[in-house]
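Okay, so here's the structure we're looking at.
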Amino acid sequence: MKIGVEAEYWIIDESGELATETGELLNELLDVSEYVVPEFVAPLIEVQTAPVSGAEELRREFGRTLQTVCDVAEDRGLSLVPLGTPLTRESLEITSERGRLLQSMYGDDMEYAMNCAGTHVHFDRGNVVRQLNLLTALDPALALVCSSPYISGNRMACSSRAAVYRYESHTTFARYRDLWEYVETEGQWEARIDEQYHTLQVLARESGIDPETFGNYFHRDDTVLTPVRLRHKSPTVEWRAPDTALPSQIVRLVSEMTNLLQQTEYKEVTIGETGVRTEEIGIPPYAELRELSEEAIKEGVASLRVQDYLTTMGFDVSRYHPISQRIENGWTLPREEALRLRREYADEFEKDVEALLGNA
């Protein structure tokens, strides 16, 4: 099974401030590799991998690209930060046309997306229905890499990114960001996409966006921003649930996820008793899964229920050390402390990249 990763990181200067006024320097970071691309706000970049054959190749290729970016950034007084949010409220400028179009439709709801940094994992398409349902059921695994308990200076959840992205949106847009129910057929999934794409077209027209412009920037594949997506162009099944995090933790998580996804080629995915068995992978009823996901977002691996569930599904929870669980502060976060935390985890990020390559 081929896999690929897209991980978003904040760029900060030596004081810990987001690098919003250093356009030329940011462009130099983007020029180091075809696998480093801009996001729709200036201080955020995405580091990708080409499709790779397994965790070892992922570790090597991901690590090399990250090391190159870190070296160029360091020469220019910049650093990468693996936090799911910037911790404090920031005034961020949208830099892409698609982003500006989304803002015209979403309005104030775009603030949540602008303050989120996540990880997207692509898996080769196989038995699509089993893959979609298993990835949906594995949504609570986001708890293993929660990386920011704060957003806009306030403590919200272990994954404050997932909390605001999914639950703080206007109901009109929640369908585009929240977890979807299991499917029985691939056609059922496609029908859902068609419905949401049509609805977004209507919302675009109501926002003054002409059909040609809409068609240029929005396609069926990228209409929804849900935690699980089916991509035809790639073609892959995409898992978008986790925060950005330290690269070694992402590689470990992707390795365990891949092991489970590969089993869908010869094992049924059944709703009922959870667990990985000889001939099937059992997943919980959707209502129960929603409770687990909400608990994973709120409490992370501090929740014994989430720990038990992930262990039952084959994860070694003891090997993960989520950043959110290590940030000990009150209900509000002073800006000076936020800047210090950014610098601290920028330093840890560099060490983690070195260690990732050192394991070769």
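Can you find a residue that is in a helix (DSSP H, G or I), surrounded by 15 or more Cβ atoms within 10 Å (Cβ to Cβ) and under 22 Å from the mean Cα position of the chain (by Cα) anywhere in the stretch 333-340?
The initial filter retains those residues of the stretch 333-340 that are in a helix (DSSP H, G or I), namely 335-340.
Narrowing the set further to residues that are surrounded by 15 or more Cβ atoms within 10 Å (Cβ to Cβ) leaves 337-339.
Okay, now just the ones that are also under 22 Å from the mean Cα position of the chain (by Cα), so 338.
For the stretch 333-340, residues in a helix (DSSP H, G or I), surrounded by 15 or more Cβ atoms within 10 Å (Cβ to Cβ) and under 22 Å from the mean Cα position of the chain (by Cα): present.
Contact annotation: residue pairs with Cβ atoms under 9 Å, 6 or more positions apart or on different chains, pairing a residue in the stretch 194-222 that is farther than 13 Å from Glu97 by Cβ and in contact (Cβ under 8 Å) with a residue 24 or more places away in the chain with a partner that is among the acidic types (Asp, Glu) and in a helix (DSSP H, G or I), are Arg220/Glu190; Arg220/Asp194. Looking only at residues of the stretch 1-31 that are assigned to a helix (DSSP H, G or I) and surrounded by fewer than 20 Cβ atoms within 10 Å (Cβ to Cβ), we find that the one that is modelled with the lowest pLDDT is Gly23.
How many of the residues making up the stretch 194-208 are assigned to a loop (DSSP other than H, G, I, E, B) and either crowded, with 18+ Cβ neighbours inside 10 Å or on the phi > 0 side of the Ramachandran plot (or both)? Steps first, answer last, please.
Filtering the stretch 194-208 down to residues assigned to a loop (DSSP other than H, G, I, E, B) leaves 207-208.
Applying the additional criterion that residues be either crowded, with 18+ Cβ neighbours inside 10 Å or on the phi > 0 side of the Ramachandran plot (or both) yields 208.
Residues flagged as assigned to a loop (DSSP other than H, G, I, E, B) and either crowded, with 18+ Cβ neighbours inside 10 Å or on the phi > 0 side of the Ramachandran plot (or both) within the stretch 194-208 amount to 1.
Check Glu61, Glu34 and return the single one that is in a helix (DSSP H, G or I) and over 26 Å from Glu90 (Cβ atoms). Before you say what the answer is, go through the steps one by one.
On the way: Glu34 fails: in a helix (DSSP H, G or I).
The match here is Glu61.
Count of the stretch 258-273 residues, restricted to those that are surrounded by 15 or more Cβ atoms within 10 Å (Cβ to Cβ), free of Cβ contacts under 8 Å to residues at least 60 places away in the same chain and hydroxyl-bearing (Ser, Thr, Tyr), is 1. For the stretch 90-116, residues that are part of a helix (DSSP H, G or I) and either surrounded by fewer than 17 Cβ atoms within 10 Å (Cβ to Cβ) or modelled with pLDDT of 95 or more (or both) total 6.
In the stretch 209-220, what count of residues is obtained for those that are more than 23 Å from Glu238 (Cβ to Cβ) and outside any helix (DSSP H, G or I)?
First, pick out the residues of the stretch 209-220 that are more than 23 Å from Glu238 (Cβ to Cβ): 209-213.
Those left that are additionally outside any helix (DSSP H, G or I): 209-210.
Here the count works out to 2.
Entry remark, the stretch 274-287: residues being without any contact (Cβ under 8 Å) to a residue 24 or more places away in the chain and closer than 20 Å to Leu179 by Cα number 3 in total.
Looking at the structure I just gave you, is Thr119 touching a residue at least 24 places away in the same chain (Cβ under 8 Å), of a type in the set (Val, Ile, Thr), surrounded by fewer than 18 Cβ atoms within 10 Å (Cβ to Cβ) and within 30 Å of Gln196 (Cβ to Cβ)? When the stated conditions are applied, Thr119 does not pass them.
Looking only at residues that are hydroxyl-bearing (Ser, Thr, Tyr) and surrounded by fewer than 19 Cβ atoms within 10 Å (Cβ to Cβ) in the stretch 212-247, which one is nearest to Ala141 (Cα to Cα)? Give the derivation first.
Applying the first criterion (hydroxyl-bearing (Ser, Thr, Tyr)) to the stretch 212-247 yields 213, 217, 223, 226, 234, 236, 244.
Now drop any that are not surrounded by fewer than 19 Cβ atoms within 10 Å (Cβ to Cβ), which leaves 213, 217, 234.
On the way: Thr213: 37, Tyr217: 31, Ser234: 24 Å.
Filtering first and then ranking leaves Ser234.
The set of residues in the stretch 128-160 that are in contact with a Phe, Trp or Tyr (Cβ under 9 Å, 6 or more places away or on another chain), more than 14 Å from Arg229 (Cα to Cα) and open to solvent by 20 Å² or more (accessible area, probe 1.4 Å) comprises Asn154, Arg155, Met156.
Number of residues in the stretch 32-88 that are hydroxyl-bearing (Ser, Thr, Tyr), open to solvent by 10 Å² or more (accessible area, probe 1.4 Å) and within 29 Å of Leu260 (Cβ to Cβ): the value is 4. Considering each residue of the stretch 162-177 in turn, none proves to be over 23 Å from Val276 (Cα atoms), open to solvent by less than 10 Å² (accessible area, probe 1.4 Å), at pLDDT 95 or above and among the aromatic types (Phe, Trp, Tyr).
Tell me, which residue of the stretch 85-126 that is acidic (Asp, Glu) and touching a Phe, Trp or Tyr at 6+ places or on another chain (Cβ under 7 Å) is nearest to Val47 (Cα to Cα)?
Going through the stretch 85-126, the residues acidic (Asp, Glu) turn out to be 90, 93, 97, 108-109, 111, 124.
Narrowing further to those that are touching a Phe, Trp or Tyr at 6+ places or on another chain (Cβ under 7 Å): 97, 109.
Numbers: Glu97: 20, Asp109: 25 Å.
Going through the qualifying residues, I end up with Glu97.
Taking into account only those residues within the stretch 274-284 that are open to solvent by 40 Å² or more (accessible area, probe 1.4 Å) and either of a type in the set (Lys, Arg) or outside any loop (DSSP other than H, G, I, E, B) (or both), which is nearest to Thr185 (Cα to Cα)? Within the stretch 274-284, the match that is nearest to Thr185 (Cα to Cα) is Glu280.
Scanning the stretch 285-332 for residues that are open to solvent by less than 50 Å² (accessible area, probe 1.4 Å) and of a type in the set (Val, Ile, Thr), we see that the one that is farthest from Ser255 (Cα to Cα) is Ile327. Between Glu61, Glu46, which is closer than 20 Å to Arg98 by Cα and at pLDDT 90 or above? From the options Glu61, Glu46, the qualifying one is Glu46. Among the residues of the stretch 328-360, those that are more than 18 Å from Glu90 (Cβ to Cβ) and among the hydrophobic types (A, V, I, L, M, F, W, C) comprise Trp331, Phe349, Val353, Ala355, Leu356, Leu357, Ala360. Quick check on Phe349: is it assigned to a loop (DSSP other than H, G, I, E, B), modelled with pLDDT of 95 or more and surrounded by 13 or more Cβ atoms within 10 Å (Cβ to Cβ)? Criteria not met by Phe349.
The values are calculated or read from the model by the stated rules, or taken from the named source; none is laboratory data. Keep in mind it's a predicted model, so treat the numbers as computed, not measured. Glycine also receives a Cβ, built like all others from the backbone with ideal geometry; neighbour counts cover every protein chain displayed. Keep in mind that these areas ignore ligands, DNA and RNA; they rest on the heavy atoms of the full protein, side chains included. Shrake-Rupley method; radii C 1.70, N 1.55, O 1.52, S 1.80 Å.
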